[in-house]
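> My questions all concern the structure below.
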Amino acid sequence: MKIVILLLVIATSPGFSQIPNGDFENWATDGPVSWASPNAPDLPQLVTKSTTASSGSFAAKGEVVQWSPGLVVAPFLQTGDDASGFPYTHRPVKFTGSYIFSPVDGDRFTVSVLLLKNGEAVGIAARTYSNASPNYAPIEIPFSYLNDDTPDTCVVTIALIGPATGADYHLGSYYIVDDLKLSDAPVSVEEEVAVPSAFSLKQNFPNPFNPETVIRYSVPFGVAGNVTLTVYNSLGQAVATLVDGQKEAGEHQVSFNAADLPSGTYIYRISSGNFTETRKMILIK
């Protein structure tokens with residue numbers, strides 16, 4: 001009996017706590033308990049209880065809905081009744097769960113987990129999903145740690161966003177998530193992906209080029225606002241906008257075709273918020 005009691009104390013200690021209501025079994029009138037969402041009284045609900053559960057009785061479904069004529073709203077879920085997260089004092093290896101995803105016109109949904117200490121980032125786990133999954137598929141996202149601190153807070157955010165290019169999110173897109181957990185189990189080899197800690201703009205390749213080249217860039221976690229990537233000629237005139245919109249954390253690349261432009265030196269510049277970086281490339285025909 002003493003051994004059983006000791007094990008229970010260890011399993012429920014703050015360092016080994018789990019995501020509150022991460023299995024979405026508990027619900028209130030405004031959505032899942034211990035989670036914030038955009039649900040509002042007397043309006044269509046964006047986050048609803050789903051009986052299509054990975055385990056247990058319920059899961060959480062987030063769907064793009066129309067609140068009023070001309071106003072289409074996307075769902076999100078964030079831990080904490082006030083979206084401030086929950087106390088957490090451990091350094092997990094990965095974030096896991098299960099999801100179903102039904103996108104319309106290229107919509108995507110994102111999962112991000114932020115570990116904080118005194119409001120400063122300690123570690124992050126983030127990924128964007130774009131492929132449709134009519135049946136439950138696994139979520140397994142490794143953490144990248146920014147320092148050696150032990151966190152005091154964990155914030156989990158599940159959101160639906162628009163496609164990588166083009167219009168914003170579309171009516172009818174939805175995701176279902178269930179069994180969200182923090183884990184110390186080893187990460188699958190194919191899931192070992194590092195999240196960039198800072199913006200960067202790589203040299204295009206090939207360079208010189210004719211007429212097409214590839215530009216790579218990195219976006220760190222937690223970026224707010226648009227990312228733009230623009231090409232200018234030697235006179236400072238914009239000749240192409242290659243990126244203009246929200247981008248998830250990670251490594252990205254975009255092709256630039258200069259078939260309609262004359263030979264010469266061109267400048268490409270990336271910017272987001274206070275960050276700007278510029279590089280040169282040479283077109284030879």
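> Run the simple label-point estimate for Val93 and Ser263 please: 7 Å along Cα→C-beta, distance reported in nm.
In this crude spin-label approximation the distance works out to 5.6 nm.
> Identify all aspartates and glutamates with a Cα-Cα distance to Lys117 below 12 Å; exclude those on the same chain that are fewer than 8 residues away in sequence.
Partners within reach: Asp148, Asp149, Asp152.
> Of the labelled options (i) 1.16; (ii) 1.03; (iii) 0.92, which one gives Cα Rg over 2.2 N^0.38 Å as computed for this structure?
Among (i) 1.16; (ii) 1.03; (iii) 0.92, the one calculated here is (i).
> I would also like to ask the following. What FRET efficiency, computed as 1/(1 + (r/R0)^6) with R0 = 22 Å and r the Cβ-Cβ distance, is obtained for Ala137 and Val33, rounded to the nearest 0.05? Don't skip to the end; give the middle numbers.
Working: r = 25 Å, r/R0 = 1.15.
Here the calculated transfer efficiency is 0.30.
> While we're looking at this one, here's another question. Rounded, prolate or oblate: which fits region 234-281, taking a ≥ b ≥ c as square roots of the Cα gyration tensor eigenvalues, rounded meaning a/c under 1.5, else prolate when a/b beats b/c? Intermediate results must be reported in sequence, preceding the final value.
On the way: a/c = 2.30, a/b = 1.62, b/c = 1.42.
It is prolate, given that a/c is not under 1.5 and a/b is the larger ratio.
> If we count other beta carbons within 10 Å of each Cβ, what is the order of Tyr175, Tyr266, fewest first?
Neighbour counts put them in this order, fewest first: Tyr266, Tyr175.
> Listed here are the pairs Lys181/Lys247; Lys94/Lys202; Lys247/Lys280; Lys61/Lys181; which of them are more than 21 Å apart at the Cα?
Correct reply: Lys181/Lys247; Lys94/Lys202; Lys247/Lys280.
> Please arrange Tyr88, Tyr174 by how many other C-beta atoms lie within 10 Å of their C-beta, fewest to most. Walk me through the numbers on the way to the answer.
Values: Tyr88 25, Tyr174 21.
If I rank by nearby Cβ atoms, fewest first, I get Tyr174, Tyr88.
> Now a separate question. Taking a ≥ b ≥ c as the square roots of the Cα gyration tensor eigenvalues, with a/c under 1.5 meaning rounded and otherwise prolate when a/b beats b/c, else oblate, which class fits region 22-191? Please report the intermediate quantities before stating the final value.
On the way: a/c = 1.61, a/b = 1.44, b/c = 1.12.
Cα axes put region 22-191 in the prolate bin.
> As a test of the formula, what do you get for the chain when each DSSP H run with n ≥ 4 contributes -39,500 (n - 2.57) and the sum is divided by the residue count, at 222 nm and rounded to the nearest 500 deg cm²/dmol?
-1000 deg cm²/dmol
> Determine the relative contact order of the chain: mean sequence separation of Cα pairs under 8 Å and six or more apart, normalised by residue count, in whole percent.
After rounding, I find 16 percent.
Read-outs throughout are calculated quantities, based only on the coordinates presented, and are distinct from any laboratory measurement. What you see is a predicted model, and the numbers here were worked out from it, not measured in a lab. Neighbour counts run over all protein chains shown; Cβ positions are idealised from the backbone, glycine included.
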